[in-house]
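Structure first, then comments.
The values are calculated or read from the model by the stated rules, or taken from the named source; none is laboratory data. As the structure is a computational prediction, the values presented were derived from the model and not from experiment. Here the Cβ positions follow ideal geometry from the backbone for every residue, glycine too, while neighbour counts run over all protein chains shown.
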Amino acid sequence: MRLARIGDTGGECPEQPLSVQRFASVIRLRPEKEAEYRVLHADAWPGVLAKLREVHIRNYSIYLRDGILFSYLEYDGDDYDADMAAMPRTLRQSAGGSSPIPASSLSTAPPTGSDGRRWRRCSTLTELQPEVRIDAHHHVWDLAVRDQPWTADIPALRRTFTFEELRPQLADAGISATVLVQTITVAEETPEFLALAEESPEIRGVVAGSISPPPTSPIGSPS
């Protein structure tokens, strides 16, 4: 989860990690299996790709050079070990993660030896961190779900604006992420925004709240 919850006035709001973990691994491919491996990975099964996304794997690539496979992936979840354990065993063992058959039929030990794992993790020497440009204020709403009375006299805004409509505009403007801001004070909208942020990696924060009763004065009511 990559969400920073900002301005939630109702209930607990634990901090969530915003960082992305990067993993690179290598393994040797059996020469006689290279053609088969290329075919399997040229058209990866949609179900396999969906499962990879489900366990928070992003930007996943596999490269081949001189019989050595090199894989790179980014993980944006909270618990890498738990997510990997939740993957089907066949998928975990597959060479590169997208083959429906066990890795043992395609690959041999890592080129630097074997420690019980077929893919061997690479050490990170240096990283060029991507430039992140964040737009700190965006609104979305669906008039079919909830009215926005303040738009009544503004024809240009009197329609639904979805995040799907906003997403390509962010990309065109070179914006990496945005903060979703509530437009009206409606407690029911907060979980909706948080759910949208969960499924939209571009949303790095939500400014929303819930209606709470005013605090009780420690010295009582004024006379």
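Within the range 36-63, restricting attention to residues that are among the aliphatic types (A, V, I, L, M) and assigned to a loop (DSSP other than H, G, I, E, B), the residue that is surrounded by the fewest Cβ atoms within 10 Å (Cβ to Cβ) is A44. Of the set (1) closer than 12 Å to L29 by Cβ; (2) buried (at least 18 other Cβ atoms within 10 Å of the Cβ); (3) modelled with pLDDT of 85 or more, all apply to A95 but (3). Just a yes or no: is a residue in the range 141-152 free of Cβ contacts under 8 Å to residues at least 12 places away in the same chain and of a type in the set (S, T, Y)? Checked the range 141-152: at least one residue is free of Cβ contacts under 8 Å to residues at least 12 places away in the same chain and of a type in the set (S, T, Y). Per the listing D115, D78, the residue uniquely at pLDDT below 75 and of a type in the set (D, E) is D115.
Taking the criterion of being hydroxyl-bearing (S, T, Y), within 19 Å of the chain's Cα centre (by Cα) and assigned to a loop (DSSP other than H, G, I, E, B), the only residue of the range 163-185 that qualifies is S176.
Rundown of residues vs (1) exposed (fewer than 11 other Cβ atoms within 10 Å of the Cβ); (2) closer than 24 Å to Q148 by Cα; (3) modelled with pLDDT of 90 or more; (4) not hydrophobic (A, V, I, L, M, F, W, C), yes/no style:
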residue: S176; (1), (2), (3), (4): no, no, no, yes
residue: V186; (1), (2), (3), (4): no, yes, no, no
residue: P215; (1), (2), (3), (4): yes, no, no, yes
residue: S223; (1), (2), (3), (4): yes, no, no, yes
